[in-house]
Structure formats: structure tokens, C-alpha cells
């Protein structure tokens, strides 16, 4: 596979977590990183830990005007050199019972995690062609294993799996590789924000939600607030490999918990459902699972 001829990379959702870690790491490797953020102060904070090469870009992946403006800034900077890569990392996490999740909230989940990724990719593809660039989508093990209460988030990540597979074959004539990174539970702020948003949804939900889903919700909340999550470093290394390796992979499964969930998903359907149902109804079992996976 041809190596990218450019040294410029765009990373969406670089305000914190995986995106910020990737931005700092690729900047340290000598890339010109265009780090997309939603607020000016987030970009300034990122620049404090980076070289002068790093360029924060204000970008809302759900706003076509914002995407067009960001693309113009990037195009003016890279000229005919094009882009070496696009890391689609921007995303939100809605964790809530599908029976009660507001349809508008589900629409927002898909708008950010699916349609926003496609819109940014479409806008930057001409520059990726110029630079023999690559696309790295940040998925999740939730895109391979849909767990209780994770239905909205998993739906978006399953969709990103399909988009990655289709896009990789469609772009093969231009030697543009598309990879997807599938982390397990990583210690990033997205889960704290998800819990806070779930609390808002819970306050507005019908009272029977507590009788129906309190056991699962309590077990998951205890797990999320007590288990630290794995380091972001293996995810960053996977992104680096996908961008610069001569033989990049199609999928990067990251974390022992991700591997174990794939194994559980390969079990006969009824057995799989029984195991997952028991796991997500017990704080003790969830804690045991976390210890087994080292997170």
C-alpha cells in the first residue's frame, strides 16, 4: 500500500479523551495536526501541550456551514499536498433504555456519531485523494456487541462499522485505506457526560422506568463510577498504526474487555443473552468482569 505523501492530519472531537490524546501524539511525531474542537478555549488548552504546528479548528460535525468553513481553512493550509489522514473521533454517548429514550435524543445520537462522520469525510475526501491519505474511524466494542441500556450508542457504532466496510471498498481504486478502531472501556470524559445526560433523561421519564430498569441502571452506574477504565495509550497506538503502517489493518480491537465481549458474542444466541442479562443485573458480576479484564 502506498504511504501518504502528506504530513497533515485532521482529527475531529479533539477537545478531550481519545481525540486530544491522538492530536498530541501525532503532533509529537511531526504531523501537522488540525484538531477540531467546539470551543476556542478547548483549542487553546490543547495548544499549550503541543508544538506550534498544531492548528485548532472550530468544527461542529452536525453543521454543514461549520464543516464547509473548516474545510476551507484546511484546504488553504495544505494546498496541493493534501491530507495524510482523517481521524473521525467526534461522538457522544446516549446510554438509556430504548423503551423510554426520546426519539429526538436517538436522532441526535445518530446525527453526531454517524451522519456527522459521513459529512466530514465527504467534505475532506478530495484532499485525502491528493495526499494518498487514510481514514480512521473511532468505533467501539459497542459496534460489535450491543449491551443493555447501550442501544442508542451501539446503534451508532454498528452503523459506523458498516460505513467503514463499504467506504473501504469504494475508495480502494484510489488507494485510500479505511480502518476502524474498536476500544473497550477507556478512561475518558465521555462516560461522565453520558451519566449526567442519563440523569436528565431519567428526571423526564415516566415513573415506571424505575420499576422496570432500576436494577440494570444501578449496576451500570456503580460500574461506571468505580471502574477506572483502561489507558487511552493503546487506542492512540492503534490510530498511529492505521495511519502510517505499510499494511494497516481493517479493524483494531483494543482492550481485553473488548476481546472478551467479542468472544461472548460468538456464543449461541440464547446463551449469550443469558450471560449478558445476568452480567448487567449485578454490580458484583460487573466488577468481577472488570477485574478479569484489568480495567
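The values are calculated or read from the model by the stated rules, or taken from the named source; none is laboratory data. In this text, all values refer to a predicted model and were calculated from it rather than measured experimentally. Neighbour counts are summed over all protein chains in view; Cβ atoms, including those assigned to glycine, are modelled from backbone coordinates with ideal geometry.
Please go through (1) touching a helix residue (DSSP H, G or I) at 6+ places or on another chain (Cβ under 7 Å); (2) assigned to a helix (DSSP H, G or I) for residue 41 and return the number of the only condition it doesn't satisfy.
Only one criterion in (1) touching a helix residue (DSSP H, G or I) at 6+ places or on another chain (Cβ under 7 Å); (2) assigned to a helix (DSSP H, G or I) is unmet by residue 41, namely (1).
Can you tell me which residue is surrounded by the most Cβ atoms within 10 Å (Cβ to Cβ) among those in the stretch 79-89 that are modelled with pLDDT under 95 and touching a helix residue (DSSP H, G or I) at 6+ places or on another chain (Cβ under 8 Å)? Walk me through it before giving the result.
Of the residues in the stretch 79-89, the ones modelled with pLDDT under 95 are 79-81.
Now drop any that are not touching a helix residue (DSSP H, G or I) at 6+ places or on another chain (Cβ under 8 Å), which leaves 80-81.
On the way: 80: 9, 81: 16.
The selected residue is 81.
Starting from the stretch 105-120, keep only residues that are without any contact (Cβ under 8 Å) to a residue 60 or more places away in the chain, then list their pairs with residues that are part of a helix (DSSP H, G or I) and surrounded by fewer than 19 Cβ atoms within 10 Å (Cβ to Cβ) whose Cβ atoms are within a distance under 6 Å, requiring at least 6 positions of separation or different chains.
Within 6 Å, the pairs are 114/159.
Within the stretch 15-35, can you find the residues that are in contact (Cβ under 8 Å) with a residue 60 or more places away in the chain and farther than 15 Å from residue 240 by Cα? If you could, list the steps in order and put the result at the bottom.
Initially, the stretch 15-35 is screened for residues in contact (Cβ under 8 Å) with a residue 60 or more places away in the chain, giving 16-19, 21-22, 25-26, 29.
Those that are in contact (Cβ under 8 Å) with a residue 60 or more places away in the chain and farther than 15 Å from residue 240 by Cα: 16, 17.
Kindly provide the set of residues from the stretch 50-76 that are under 14 Å from residue 9 (Cα atoms) and touching a strand residue (DSSP E or B) at 6+ places or on another chain (Cβ under 7 Å), ordered by number.
The answer is 53, 54, 55, 56, 57, 70, 73, 74.
Modelled with pLDDT of 95 or more, within 22 Å of residue 151 (Cβ to Cβ), part of a loop (DSSP other than H, G, I, E, B) and under 21 Å from the mean Cα position of the chain (by Cα) - does that describe any residue in the stretch 62-73? Give the steps one after another, and end with the answer.
Start the filter on the stretch 62-73 by keeping residues that are modelled with pLDDT of 95 or more, which leaves 62-73.
Pick out the ones that are also within 22 Å of residue 151 (Cβ to Cβ) and you get 62.
Next cut, part of a loop (DSSP other than H, G, I, E, B) only: 62.
Still in the list and also under 21 Å from the mean Cα position of the chain (by Cα): 62.
Scanning the stretch 62-73 turns up at least one residue that is modelled with pLDDT of 95 or more, within 22 Å of residue 151 (Cβ to Cβ), part of a loop (DSSP other than H, G, I, E, B) and under 21 Å from the mean Cα position of the chain (by Cα).
For the stretch 186-201, give me each residue that is at pLDDT 85 or above and either closer than 30 Å to residue 133 by Cβ or buried (at least 23 other Cβ atoms within 10 Å of the Cβ) (or both).
186
Of the residues 47, 39, only one is at pLDDT below 95, under 21 Å from the mean Cα position of the chain (by Cα), over 13 Å from residue 12 (Cβ atoms) and surrounded by fewer than 18 Cβ atoms within 10 Å (Cβ to Cβ); which?
Unique residue meeting the criteria: 39.
Can you name the number of the only condition in (1) modelled with pLDDT of 95 or more; (2) farther than 14 Å from residue 10 by Cβ; (3) more than 14 Å from the chain's Cα centre (by Cα); (4) in a helix (DSSP H, G or I) that residue 155 fails?
Looking at each condition in turn, residue 155 falls short on (3).
Give 163, 176 a once-over and let me know the one that is part of a loop (DSSP other than H, G, I, E, B) and modelled with pLDDT of 95 or more. Give the derivation first.
Values: 163 fails: part of a loop (DSSP other than H, G, I, E, B).
The unique qualifying residue is 176.
Can you tell me which residues in the stretch 94-111 are surrounded by fewer than 24 Cβ atoms within 10 Å (Cβ to Cβ) and either in a loop (DSSP other than H, G, I, E, B) or at pLDDT below 95 (or both)?
Within the stretch 94-111, 97, 98, 99, 100, 101, 102 qualify.
Looking only at the stretch 244-264, how many residues end up being more than 16 Å from residue 179 (Cβ to Cβ) and either surrounded by 15 or more Cβ atoms within 10 Å (Cβ to Cβ) or within 18 Å of the chain's Cα centre (by Cα) (or both)?
Matching residues across the stretch 244-264 total 8.
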